[in-house]
Amino acid sequence: MIINKGGDLSKEYFMAYFSLIMNSRQCTLERAKEITFDRLFRNDENTFGNISFEHFMEAYEELKNRK
């Protein structure tokens, strides 16, 4: 997936990304969150700004609550 560093990443983007990681690596949502945070945010929540990080957390919480 290509990331445009000039814009905010949506909650839907992160939901799709979590699903892609979980399916391709056969891992849990928690592990997908760790991988995503490491790969996209480089372990720094300010990498893409506050809005993208909020959407990241909202996507995680929504998927977590679906289970």
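Relative to the longest principal axis of the Cα atoms of the chain, helix 50-66 runs at roughly 10 degrees. Based on DSSP H segments of at least four residues, each scored -39500 (n - 2.57), the chain has a per-residue ellipticity at 222 nm of -22000 deg cm²/dmol. Applying 0.36 nm per residue to the separation of ASN43 and THR28 and subtracting their alpha-carbon distance, the gain on full extension is 3.5 nm. Placing unit charges on the Cβ atoms of the charged side chains and taking the dipole of the chain about its Cα centre, the candidate lying farthest along the positive direction among MET22, SER10, THR47 is MET22. Annotation: the chain has a Kirkwood hydrodynamic radius of 11.8 angstrom, from the mean reciprocal C-alpha pair distance.
No lab work stands behind these numbers, since they all come straight from the coordinates. These numbers come from a predicted model, not from an experiment. Cβ sites come from the backbone with ideal geometry, for glycine too, and all protein chains shown count toward neighbours.
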